[in-house]
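Data first, discussion second: the structure below is written as structure tokens.
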Amino acid sequence: MGSIVEVRDLSFAYPGEEIRALNHVNLKIEEGELVVLCGKSGCGKSTLLTHLKTPLTPHGKRMGDILFQGTPLSEVSNKEQSQKIGYVLQNPDNQIVTDKVWHELAFGLESLGCPTPEIRIRVAEMASYFGIQDWFYKNVAELSGGQKQLLNLASIMAMHPDLLVLDEPTSQLDPIAASDFLATVKKINRDLGTTIILTEHRLEEVFPAADRVVVMDRGEILAEGSPGYIGKVLKEKNHDMFLAMPVPMQIYAEVESDLECPITVRDGRQWLDHLCEGRTEPSEEEVGLKMDDMAGEEKRETLLECKDLWFRYEKDTPDVVKGLSMKLYPGEFYCLLGGNGTGKSTTLSLLSRLRKPYRGKVLLQGKDIRKYSDEELYRGILGVVPQNPQSLFVKKTVELELFEMVGGSKERKNEEYHLSMEKREAVDGIVKVTHLSGLLHRHPYDLSGGEQQRLALAKILLLRPKLLLMDEPTKGLDSYFKEEFSGILDLLKEQGVTIFMISHDIEFCASHADRCGLFFDGSIAASGIPRDFFAGNNFYTTAANRMARKYFPLAVTGKDVVECLKQSS
């Protein structure tokens, strides 16, 4: 078994940057391997992956070599790279080029000049393998995020690539769609022997299937080896990246045990069986895990209220939002969860007045949201962080993006901003909070997914909103920055800001939300504090709860499980 890709002493710096994004990287990927590349946001993962396909390689200063199947990549034609190296991007919409599902599947093969009979058989084969038959003739615009990403993967696999590169392919998907997508990726590796290298923040899903894990830090390879070995190394080094390890591994690290480190939920259950043998279970009161009482909720002042909202996109299409009623209270953090395509983002567009319901009303501070002027609504009351942060970027550098929010058009001249001391301090403060200081001169599109997310948040926070609406803000954020992000949200809450967030990130919501809601069939099917909300669920719950419910049914976070284990004797 030879190596399909060999990276030799690769260094790379973006234009105008002194610090290298990649620093003397050496890596071999063997034929048929499934390699998981992980690291903190901005560590160089995506930059390394873009170097594996010449048309995607960013501009900048580069040294070192990359060999593909023994040939320097620069000598492999673009046509051959298109056929042999498949690449799936973070955002499914950025990769789709046609309007129909069947045409998207055929597009790559048409571009390569394949004969029509061959295209037909390959398209039929891929539609069957990926379970696309039911939506084969649909418009691409009608698909959910999970379906779009599956379509991207199928379109690439129709070309029978030797190497499949995936850059956080599930960052926009709900947990069940993500699990299905990653199961398909593992199946491709197992059934077809396709070599796969992927970056992924949902390490619980991919760790057990990985032949090798490569951890990057500050543009360099920190460690590589089997999943168990990587967990051991990161624990010994007490490295920040340990926060990103699967929850069973994190729990294991906090508890004294001579047993082998668990990687999956199943491993974690067996580990707990051994560990809890002969122990007495502590009462929920002892470890502070009793169910919370939501009584008195109705007596609180309301910041935003939805009253019986109904919405559909066109007159003859089905309703997407059906009789939605809900309340948000000042200073609370509310997370709305649910599958792709259930109407969560549509709901956010109704709350932000981008769309109008055909029945019902949205009251903001007791006043109909339609009666606010744009100026008073979006400057000082409502802040919206969209699902795609790039939609907010209009300038050449991160710094100019931020200055634009406080500068105002009258103060702008030839992209120069003359800011008052107060405004400059506001920008400096936000830069510090969102950790953008080393990125101010970078082009927003050269940032990693997580860094773009932080920039989008920074821009909106400069408007000082009372209500912050966010659509999937933790996608693309590594576990280390998620902790920092939760700290930012805590600071906002202390200042009385109400936060409404749509999310697929169950672990984050369970750890940090004040209330969670499950969106299903056009409205909120269930709502409550995280412990009530997650403890009874089988699928829509945390890895920690699935692992420990036999012993500690109300524990929903890794910290809860650790606390229970320490209290039990």
Gap separating the Cα centres of the stretch 23-43 and the stretch 491-537, nearest whole Å:
34 Å
Within the accessible area of the chain, what % is carbon and sulfur when the probe is 1.4 Å and the other protein chains stay in place?
48 percent
Considering the options Phe130, Ser391, Leu151, tell which one lies farthest towards the positive end of the dipole of the chain, charges being +1 on Lys and Arg and -1 on Asp and Glu at the Cβ, about the Cα centre.
Ser391
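Stokes-Einstein D for the chain at 10 °C, 1.306 mPa s, Kirkwood Rh over Cα pairs, in µm²/s?
Working: Rh = 25.4 Å.
Calculated translational D: 62 µm²/s.
Averaging sequence separations of C-alpha pairs under 8 Å and six or more residues apart, then dividing by the length of the chain, give the relative contact order as a whole percent.
Working: 1052 pairs, mean separation 87.2, N = 569.
Over the chain, the number comes to 15 percent.
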If eta is 1.306 mPa s and T is 10 °C, what Stokes-Einstein diffusion coefficient results for the stretch 502-569, Kirkwood Rh from Cα pairs, in µm²/s?
129 µm²/s
Give the cross-link partners of Lys84 among the lysines, using a straight C-alpha distance below 20 Å as the criterion and excluding same-chain residues fewer than 8 apart.
Lys28, Lys53, Lys186, Lys187
Can you give the three extents of the C-alpha atoms in the stretch 354-403 along their principal axes, from longest to shortest, in whole Å?
41, 20, 13
Charged-residue dipole, Cβ positions (Lys, Arg, Asp, Glu), the chain about Cα centre, Debye nearest 20
1520 debye
Hey, any idea what Rg/Rh is for the stretch 1-116, computing Rh the Kirkwood way over Cα pairs?
1.00
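With r as the distance between the Cβ atoms of Arg424 and Val394 and R0 = 22 Å, compute the FRET efficiency 1/(1 + (r/R0)^6) and round to 0.05.
Plugging the Cβ-Cβ distance into 1/(1 + (r/R0)^6) gives 0.60.
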Efficiency of FRET from Cβ geometry, Glu260 and Leu354, R₀ 51 Å, rounded to 0.05
0.50
Can you list residues whose amide H is under 5 Å from Glu220's amide H, if they're 5+ apart or on another chain and H is modeled 1.01 Å from N?
Asn23
Expected 222 nm ellipticity per residue - DSSP helices of 4 or more, -39500 (n - 2.57), all of the chain, to 500
-10000 deg cm²/dmol
Could you give the nm distance between label points at Asn537 and Glu125, where each point is 7 Å from its Cα heading toward the beta carbon?
3.9 nm
Rounded FRET efficiency, nearest 0.05, which uses the C-beta distance separating Trp102 from Lys566 and R0 of 56 Å:
0.50
In a solvent-free Debye calculation with one equal scatterer on each Cα, what is log10 I(q)/I(0) for the stretch 57-140 at q = 0.25 Å⁻¹, listed in the order of the q values?
-1.33
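The stretch 119-150: which trypsin sites (Lys or Arg not before Pro) are DSSP loop and have at most 11 other beta-carbon atoms within 10 angstrom? Numbers along the way, then the final one.
On the way: sites: Arg120, Arg122, Lys138, Lys148; in loops: Lys138.
Passing both the DSSP loop test and the Cβ count: no residue.
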Which percent of Cα-Cα pairs in the stretch 131-227 sits in each 10 Å bin, short to long?
14, 45, 31, 8, 2
Within the stretch 405-532: Cβ-based charge dipole about Cα centre, in debye rounded to nearest 20 (Lys, Arg +1; Asp, Glu -1):
480 debye
As a test, work out the antiparallel percent of DSSP beta bridges whose residues both lie in the chain, rounded to the nearest 5.
55 percent
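Return one whole number: the accessible area per residue of the chain in Å², for a 1.4 Å probe. Please report the intermediate quantities before stating the final value.
Numbers: 25640 Å² over 569 residues.
Roughly 45 Å² per residue, with all protein chains present.
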Of Lys40/Lys235; Lys327/Lys367; Lys138/Lys344; Lys235/Lys475, which pairs sit farther than 18 Å apart, going by alpha carbon to alpha carbon?
Lys138/Lys344; Lys235/Lys475
Per the charge dipole of the chain (beta-carbon charges, Lys/Arg positive, Asp/Glu negative, Cα centre), the residue among Ser527, Leu363, Leu166 reaching farthest to the positive end is Leu363
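The values are calculated or read from the model by the stated rules, or taken from the named source; none is laboratory data. None of these values were measured; they are calculated from a predicted model. When we count neighbours, we look across all protein chains shown, and the Cβ atoms used for this are built from the backbone with ideal geometry, even at glycine. Note: accessible area is taken over every heavy atom of the protein model, side chains too, but ligands, DNA and RNA are not part of it. Shrake-Rupley method; radii C 1.70, N 1.55, O 1.52, S 1.80 Å.
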